[in-house]
1. Here is a list of conditions, (1) in contact with a strand residue (DSSP E or B) (Cβ under 6 Å, 6 or more places away or on another chain); (2) open to solvent by 70 Å² or more (accessible area, probe 1.4 Å); (3) over 17 Å from M1 (Cβ atoms), and P66 meets all of them except one; can you say which number that is?
2. Out of all the residues in the stretch 47-87, which are aliphatic (A, V, I, L, M) and closer than 22 Å to V13 by Cα?
3. Of all residues in the stretch 19-53 being touching a Gly at 6+ places or on another chain (Cβ under 7 Å) and open to solvent by 40 Å² or more (accessible area, probe 1.4 Å), which is nearest to L5 (Cα to Cα)?
4. If the Cβ limit is 6 Å and pairs must be 6+ apart or interchain, which residue in the stretch 1-27 that is free of Cβ contacts under 8 Å to residues at least 40 places away in the same chain pairs with which residue that is surrounded by 11 or more Cβ atoms within 10 Å (Cβ to Cβ) and hydrophobic (A, V, I, L, M, F, W, C)?
5. Which members of the stretch 44-87 meet the condition of being modelled with pLDDT of 90 or more, under 18 Å from V27 (Cα atoms) and of a type in the set (A, V, I, L, M, F, W, C)?
6. Got at least one residue in the stretch 6-15 being more than 25 Å from A82 (Cα to Cα) and not charged (D, E, K, R)?
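The values are calculated or read from the model by the stated rules, or taken from the named source; none is laboratory data. Everything numeric in this text was worked out from a predicted model, so none of it was measured. Please note: Cβ atoms are built from the backbone with ideal geometry, for glycine as well, and neighbour counts cover all protein chains shown. Just so you know, the surface numbers come from the protein's heavy atoms only, side chains and all, with ligands and any DNA or RNA stripped out. Shrake-Rupley method; radii C 1.70, N 1.55, O 1.52, S 1.80 Å.
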Amino acid sequence: MEPTLVDGCSILVNHSVRRRHVGHIYVVRTDDGLVVKRAGRDEDGVWQLVSDNPNKHVWPTRPWPPGAAIVGEVKWAARTFAYGGDQ
């Protein structure tokens, strides 16, 4: 989900949210495990898992898998800055 959510950032998830809304970010349980993706719809109205990563060859938009459950909606994110050396 970079650049919105960087690798290793912490997220706060509202587990009471179970309904999808276009543009919102969710933790979704798929057959591949847990994924964090934005909800979207294609031109036919089919739900999609959308990555914010601009490299769509590596992180393409894909159909929302049948039976994939929403674990919750991402409401907050934070990151720790890593500095090299002994600073």
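1. It fails just one condition, (1).
2. L49, V50, A68, A69, I70, V71, V74, A77, A78
3. Out of the qualifying residues, it is R38.
4. Matching pairs, first to second residue: V22/A39.
5. Answer for the stretch 44-87, where residues must be modelled with pLDDT of 90 or more, under 18 Å from V27 (Cα atoms) and of a type in the set (A, V, I, L, M, F, W, C): W47, L49, V50, W64, A68, A69, I70, V71, V74, W76, A77, A78.
6. For the stretch 6-15, residues more than 25 Å from A82 (Cα to Cα) and not charged (D, E, K, R): present.
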